[in-house]
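The values are calculated or read from the model by the stated rules, or taken from the named source; none is laboratory data. Since the structure is predicted, the reported quantities are computational estimates derived from the model, not experimental observations. All Cβ positions, even for glycine, are placed from backbone atoms using ideal geometry, and neighbour counts span all protein chains on display. Accessible surface areas use protein heavy atoms only, side chains included; no ligands, DNA or RNA. Shrake-Rupley method; radii C 1.70, N 1.55, O 1.52, S 1.80 Å.
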Amino acid sequence: MCGQDSPVVAISRSPRLLETLLANLDGVVYRCRDDGQWTMEFVSEGCLALTGYLPEDLLLNQRLSFLELIHPEDRQMVRAHVADCLRSKRRIDIEYRIVRADGAPRWVWGRGVGIYNATGKVEALEGFMQDVTERKEAAQALQEAERRYRSIFENAIEGVFQTTPDGTYIAVNPALARIYGYRSPEDLIVGLRDISHQLYVEPDRRVEFMRLMEERGSVSNFESRVYRRDGDIIWISENARAVYDDAGHLSCYEGTVEAITERKLYEAEMRHQATHDALTGLPNRNMLHDHLQRAIEIARQRGGLTAVAFVDLDQFKFINDSLGHQVGDELLKTVAQRLQSCLRDTDMVARQGGDEFVLVLQNQTGGEAGIAEVMQRILAAVSRPWPAGDREFHITSSIGVSRYPADGKDVETLLKNADSAMYKAKEQGRNNFQFFAPWMDTQVSNRLEMLISLRRALDQEEFKLFYQPKLSLKDGSIIGAEALIRWESPEQGMVPPDRFIPFAEEAGLIVPIGEWVLRTACRQNKAWQEDGLPPIPVAVNLSPRQMNQALPDFVAGVLEQSGLAASWLELEITENVVMKDAEKTVATLHTLKRLGLQISVDDFGTGYSSLSYLRRFPVDALKIDKSFVRDIARDADSAAIVKAVISLAHILNLRVIAEGVEDEEQHAFLRENGCDEVQGYYFGKPMAVADFTARLKEEARRRASGELTAD
Ligand code: C2E
Ligand code: CA
């Protein structure tokens, strides 16, 4: 620039030429001396707009110098920069603050050059100053935003990440490192290189993640199980999106990771509680319904036999009432385990409620025979003795089975029919299973209806007594009869007692029904005696509910009214009655005994009394339950029990009657082992009065002709 006019000098010399240009320029063109004050020699029009001062104010320091215009805090810095540039002959290029006439600070960007004379000495500075406050503030705001973002990133509780499209971490925050078990974000970036295999427990989740990303560009609440660095498995939930550059190319994925293991555990626990029984841990009714629904669906699509088995414990209520709920609970747990142990993994045992369990057996390739085998296994498993404290108990079960598709095509029908079949199994003497048959559900299943009809049955004398002979094993003579109730219902025909006695007991109707039985049996026996038939005792079954202090008076009254001598009446009480409320029962039994009648213990062996316990009770006879008699020939245990009962009963001076004798083999066994009396289809089914009368007449004839001799 030496020898020639500098641009500013040129402009100042030909003002008109460039006046307009300078006036419209957004900024100030100046020339100043390199003295301590940077005394202005030329200042363009823009000065007013930028600084609030007129150009004249600055010219030759008339009001203030250029240095004074500069913000006091920046003066030192500007001075140093300018000096440095002049020394090295570089262009001046600097941002700093000035203080406007109104006191407001502004950011300016100053660019300029030193003007040197021929000797190389600085003659002046010429330059251009521009207001950059807005850009500067924007940059600062950006910086602040960035700082804030950093802070969020660094301090977030959620993990934050950025990866390349092929899964290399670009950035992660400390929280993510913590969640994945790394010491620091850097550690993670270096250590975690193969996301699919190192991170995801199911590598397919990574595939699914990529698929969603490609399809939708984002994933939300994407839950997976991942390995932490130490190998522990945790649950995470990811929210992520694909980031594209301006050209539309995928540049990275970024997102957040939340550790949700605790929530998952909680959810799983909630789900478990909603679908499982708290006591046994088995699936509950809800889950059973869903499972059975699915099983039906599968069986429909693929064919195959599915069985639903309703398992009900026999006399559970008694255990619960007499031994306490704790023992009852233990028993239910034991049974639950035993049921499970009988089944395959694909089968389900659910607790339906109370002492009822339901099994769902899918794809029964063995057909009905196969199902029957499983049921036998279950009956055996349930009836295995179980210890409780220092005692040992046993309980049996009754099972009803329905089959898809033969017995029902939906959940409700299959369950209902399995339930009906279960009732049938109870009627058959418990400890057995029955397949559903279509006639079973024609019987009354509705409780309310049942109770209404039972009340009516009492009023309208729909009940009948049948009599079954008891025979002496010594000479085969009839030495007694058991009165067994029958209900001839106008709607349902002949209803067996097991079908309605439990209902009557529950509803309290058993008391009037029992009174009717006692009155009728005594009157009938008296009638036979008056007919001159050989006198025999008649046995009447007593329900536990009838066993109260009023009973002896009532029995005495009935005997008196009928005119029957007490010695011709026998009362059959079940073994459980003896155990329950022992003190009161003992007293009542003694009062009854004083009337002069006989007392026998029914269904002996199915309950929980021990023989020594019986010593305290004034009883005359034991009736061995028909389930043992039935199994005498097949099952060594049953045979041993029968033998033991007979000999121990004799030690206690009790008569022994075996019930349910159906064939010669059983008959022979009982005779050989010293049983006193027998009762069963082999000798005579329960029969109506007319038939029994004929049987008694025949008996009288045989006695008279001397046909009856001991064999
Ligand atoms: P239980 O006292 O054990 O009566 C014997 C049951 O075994 C009777 O059934 C009888 O018909 C049946 N039975 C007799 N011999 C044989 C045989 O050889 N094989 C087989 N499989 N069964 C045989 P029932 O009449 O159906 O009575 C069932 C139960 O109903 C009775 O069992 C008794 O507990 C109850 N019950 C019957 N009548 C009365 C009553 O008047 N009052 C009360 N409270 N309960 C009664
Ligand atoms: Ca009986």
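Computed quantities for the displayed model
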| read-out | value |
| --- | --- |
| 1.4 Å probe accessible area per residue over the chain, in Å² | 50 Å² |
| Extension gain, residue 122 back to residue 384 (0.36 nm per residue minus Cα-Cα distance, nm) | 82.7 nm |
| Residue-averaged 222 nm ellipticity for the chain, from DSSP H runs of 4+ at -39500 (n - 2.57), nearest 500 | -13500 deg cm²/dmol |
| Where trypsin sites (Lys or Arg not before Pro) fall in DSSP loop in segment 98-183, at most 15 other Cβ within 10 Å | 100, 121, 183 |
| Gain upon complete extension [residue 550, residue 24; 0.36 nm per residue less C-alpha separation] | 177.0 nm |
| Under Karplus coefficients 6.51, -1.76 and 1.60, residue-wise ³J(HN,Hα) of segment 585-594 in Hz, glycine/proline x | 4, 4, 4, 4, 4, 5, 4, 4, 4, 5 |
| Shape call, segment 471-555: gyration tensor on alpha carbons, a/c limit 1.5 | prolate |
| Whole-percent carbon and sulfur share, accessible surface of segment 276-436, 1.4 Å | 46 percent |
| Cα-projected label distance for residue 220 with residue 89, points at 7 Å along beta-carbon direction, nm | 6.6 nm |
| Partner aspartates and glutamates for residue 409 [C-alpha distance under 15 Å; skip if fewer than 8 residues away on the same chain] | 290, 297 |
| Degrees, to the nearest 10: 285-302 long Cα axis against longest axis of the chain | 90 degrees |
| Mean Cα-pair separation over length for segment 276-436, i.e. relative contact order, pairs under 8 Å, 6 or more apart, % | 28 percent |
| Calculated FRET value between residue 707 and residue 264, using beta carbons and R₀ = 56 Å, to 0.05 | 0.10 |
| Restraint check, 584/643; 474/643; 593/685; 474/584; 424/626; 623/643, Cα-Cα greater than 25 Å | 584/643; 593/685; 474/584 |
| Under Karplus coefficients 6.51, -1.76 and 1.60, residue-wise ³J(HN,Hα) of segment 409-420 in Hz, glycine/proline x | 10, 9, 4, 4, 5, 4, 5, 4, 6, 5, 5, 4 |
| Proximal lysines to residue 121, defined as alpha-carbon separation beneath 22 angstrom and excluding residues fewer than eight positions away on the same chain | 89 |
| Long-range amide H partners of residue 201 with built H, under 5 Å | 225, 226, 227 |
| Along the chain, longest interval not containing exposed GluC sites (Glu not before Pro), exposed being DSSP loop plus at most 14 other Cβ atoms within 10 Å | 1-460 |
| Cα→Cβ-extended label distance, 7 Å offset, between residue 365 and residue 595, nm | 6.3 nm |
| Amide H contacts under 5 Å for residue 52, placed H, 5+ residues apart | 101 |
| Sequence-separation-based contact order of segment 385-428, relative, with Cα cut under 8 Å and 6+ spacing, percent | 36 percent |
| Rounded if a/c under 1.5, otherwise prolate or oblate - segment 591-699, Cα gyration tensor axes | oblate |
| Percentage relative contact order, the chain, counting C-alpha pairs under 8 Å, at least six apart | 6 percent |
| Efficiency of FRET from Cβ geometry, residue 531 and residue 428, R₀ 30 Å, rounded to 0.05 | 0.25 |
| Kirkwood estimate for the chain, i.e. one over the average of 1/r between Cα atoms, Å | 35.5 Å |
| Whether segment 22-133 is rounded, prolate or oblate, judged on the alpha carbon gyration tensor where a/c under 1.5 counts as rounded | prolate |
| Heavy atoms of residue 604: accessible area, 1.4 Å probe, square angstrom to 10 | 10 Å² |
| Other-chain or far-sequence residues with amide H under 5 Å of residue 480's (modelled H) | 470 |
